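One structure is given below, encoded as structure tokens.
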2 protein chains.
Amino acid sequence: MFWILFCIFLAACLGAGVTGGLFAPGPWYRRLNKPWFTPPDWVFPVTWMILYVCMATAGVRLAMAPDNGYAMGFWALQIAFNGLWTPVFFGLKNVRLGMVVVSLLWLSVLGGILAMWSVDLMSALLFVPYLIWVTIAAALNAEVWRLNPEVARNPPDISV
Amino acid sequence: MFWILFCIFLAACLGAGVTGGLFAPGPWYRRLNKPWFTPPDWVFPVTWMILYVCMATAGVRLAMAPDNGYAMGFWALQIAFNGLWTPVFFGLKNVRLGMVVVSLLWLSVLGGILAMWSVDLMSALLFVPYLIWVTIAAALNAEVWRLNPEVARNPPDISV
């Protein structure tokens, strides 16, 4: 049961994560002013793959635990927001709306950790690197907004 | 507990559903040849809101039930694919990849119903209208592909 469930949760992660490949950083992103702590592009997919394995492991452990209601609710909530950020930021190129989404994602990951704590401590710990990474992502989004006020005010028109 | 959990699952639905407003049907979609059974645009948000309430209700019932592992796994899986289809179809304007996503969504909803059946029959029944609607969406996607072979082969370049 563990491995089948693991594959289901990992597939959910990949369903969200595939947006990173589909809405890849393009010319628009390269032209932006970026903060000094911006990681090189290759760091993102590597980090996310590690985080997805942690998240799926937490998911299956929680799914098999009793009294997992809130933990499972937050797991579903965070994966919905996780898959939303990339299409908003890199697809719509909307820096301000990206900030809203990454803030909601941050809250849902924190809520998840708090809900997991009493159900399965290991799962809560597996979500801590995720919270740290989303904190960095949120800081990046905020700094891109601050350093590119014109771009943030006027997202390009992508309708064709 | 029911209503807090309900709000968490509904928020997850809205996190996926907001893509319908962000990547709205534009000039590209209006130019497509569409099948005879295409519903008018307003039907989509109305139907989705009803389905989201059904999905959130199923989510909270399952979250409070024992032995909910697979059901919760599939709930998370379907919401990840649910939020992916609109950015792929209306954002990337990729009809073929949209077909892949809607097929995976269909399978995850079916898997969810099967997993829910033995945990909470009402939840499984609440997912049946969802499966029917995703079947219609998949048929629409397939017909758009068939009726617009050139568009399906050559998604427009949306990088700016």
| said: Residue under question is A:T38, and the condition is that it be in contact with an Asp or Glu (Cβ under 9 Å, 6 or more places away or on another chain) and of a type in the set (S, T, N, Q); does it hold? | reply: yes
| task | Would you please name the residue that is nearest to A:C13 (Cα to Cα), looking only at residues in segment A:49-81 that are open to solvent by less than 10 Å² (accessible area, probe 1.4 Å) and of a type in the set (S, T, N, Q)? | result | A:Q78
| query | For B:G91, are the conditions met, namely being within 11 Å of another protein chain (Cβ to nearest Cβ), in contact (Cβ under 8 Å) with a residue 12 or more places away in the chain and under 11 Å from the mean Cα position of the chain (by Cα)? | reply | no
| query | Which residues, counting only those in segment B:63-81, are assigned to a helix (DSSP H, G or I) and either more than 8 Å from chain A (Cβ to nearest Cβ) or β-branched (V, I, T) (or both)? | reply | B:A71, B:Q78, B:I79
| message | Restricting to segment B:13-37, give me the number of residues that are assigned to a loop (DSSP other than H, G, I, E, B), more than 8 Å from chain A (Cβ to nearest Cβ) and touching a residue at least 60 places away in the same chain (Cβ under 8 Å). | response | 7
| Just for segment B:1-48: of the residues that are out of contact with any Leu (no Cβ under 8 Å at 6 or more places or on another chain) and small (G, A, S), which one is surrounded by the most Cβ atoms within 10 Å (Cβ to Cβ)? | B:G17
| request: State the number of residues belonging to segment A:97-153 that are in contact (Cβ under 8 Å) with a residue 60 or more places away in the chain, within 14 Å of another protein chain (Cβ to nearest Cβ) and open to solvent by 40 Å² or more (accessible area, probe 1.4 Å). | output: 1
| query | Regarding A:L51, is this residue more than 15 Å from B:I79 (Cβ to Cβ) and without any contact (Cβ under 8 Å) to a residue 60 or more places away in the chain? | reply | no
| query | Restricting attention to segment B:47-56, does a residue exist that is within 16 Å of the chain's Cα centre (by Cα), closer than 15 Å to A:A80 by Cα and polar (S, T, N, Q)? | reply | no
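The values are calculated or read from the model by the stated rules, or taken from the named source; none is laboratory data. Here the structure is a predicted model, which is why all the values come from computation and not from measurement. Note: ideal-geometry Cβ built from the backbone for every residue, glycine included; neighbour counts use all protein chains shown. Heads up: the accessible areas ignore ligands, DNA and RNA and are worked out on the full protein's heavy atoms, side chains in. Shrake-Rupley method; radii C 1.70, N 1.55, O 1.52, S 1.80 Å.
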